[in-house]
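Heads up: the structure comes next, in structure tokens.
The values are calculated or read from the model by the stated rules, or taken from the named source; none is laboratory data. Keep in mind that what you see is a predicted model, and the values were worked out from it rather than measured. Cβ atoms come from the backbone with ideal geometry, glycine included; neighbour counts cover every protein chain shown.
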Amino acid sequence: MAKFGKYKIDLKGMQVPTMRLEYELDNQFFADIDSPEVGRGHARVSLDIKKLAAGNAFELNFAIEGTVVIQCDRCLDDMDQCIAVSDKLLVKMGTEYAEDGDWVIIPEEEGEINVAWFIYEFIVLGIPMKHVHAPGKCNKTMAGKLNKHLRVFADEEDIAGVEMEEYEDLESTSQISDPRWNELKKILDNN
Ligand SMILES: [Zn+2]
């Protein structure tokens, strides 16, 4: 893939014991990756490569910092998520490409690794499990609609866990018929 040409690293030809590469990721990078989790973003990547004692193995340390645009869990609008990720790849030469635990094995004949997809994966892993807008920043119409829809499937525990802000959104839609919701309203009114 020519689009990711600059992410291809010639490890076999590396003449020095250590090397640092820097990348600036922009919207184009994420467009080229064309994967659903992150569609846009900006990030700076520092990659430190160290030749390990054996000479045909390498340690690649990635430090990635930036902001990616992802979907808010609560309202599904886009939101900016800051990321700061450090991760590591261990690479060694072998007969054919393989991933084995912490190791990536690359064909010795080629002696190259393309790190574009690894960088993307590290970024995705760096996104917190729960990612929502800052309080009050959600798309209120959408959050209200979603809650109305979701509460049909929600169990008691989930209903009890609904935050006040979302509750108010729902109330304003004025079509509350779920009896559990009335129970929750009673509880909230008593506080
Ligand atoms: Zn939101």
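Exactly one condition in (1) within 16 Å of the ligand (Cβ to nearest atom); (2) surrounded by 18 or more Cβ atoms within 10 Å (Cβ to Cβ) is false for D73; which is it?
Just one mismatch for D73, condition (2).
Looking only at region 72-103, which residues are free of Cβ contacts under 8 Å to residues at least 40 places away in the same chain and within 27 Å of R40 (Cα to Cα)?
D78, D80, C82, S86, D87, K88, L89
Just wondering, is there one or more residues in region 20-32 that are farther than 30 Å from L146 by Cα, in a loop (DSSP other than H, G, I, E, B) and away from the ligand (no atom under 16 Å from the Cβ)?
Going residue by residue through region 20-32, those that are farther than 30 Å from L146 by Cα are 20-26, 28-29, 32.
Remaining after also requiring in a loop (DSSP other than H, G, I, E, B): 26.
Now drop any that are not away from the ligand (no atom under 16 Å from the Cβ), which leaves 26.
Yes, the conditions are met somewhere in region 20-32.
Would you point out which residue out of W117, W103 is in the same structural domain as E37 (by TED's automatic domain parsing), under 17 Å from I9 (Cα atoms), more than 16 Å from the ligand (Cβ to nearest atom) and in contact with a strand residue (DSSP E or B) (Cβ under 9 Å, 6 or more places away or on another chain)?
Details: W117 fails: in contact with a strand residue (DSSP E or B) (Cβ under 9 Å, 6 or more places away or on another chain).
Of W117, W103, the one residue that is in the same structural domain as E37 (by TED's automatic domain parsing), under 17 Å from I9 (Cα atoms), more than 16 Å from the ligand (Cβ to nearest atom) and in contact with a strand residue (DSSP E or B) (Cβ under 9 Å, 6 or more places away or on another chain) is W103.
Pick out, from region 39-95, the strands (runs of 3 or more DSSP E) lying fully within it that include 1 or more residues that are basic (K, R) and within 23 Å of P107 (Cα to Cα). So that I can check it myself, show each step before the final result.
Details: elements: 40-51, 57-71, 78-94.
Ranges flagged: 40-51, 78-94.
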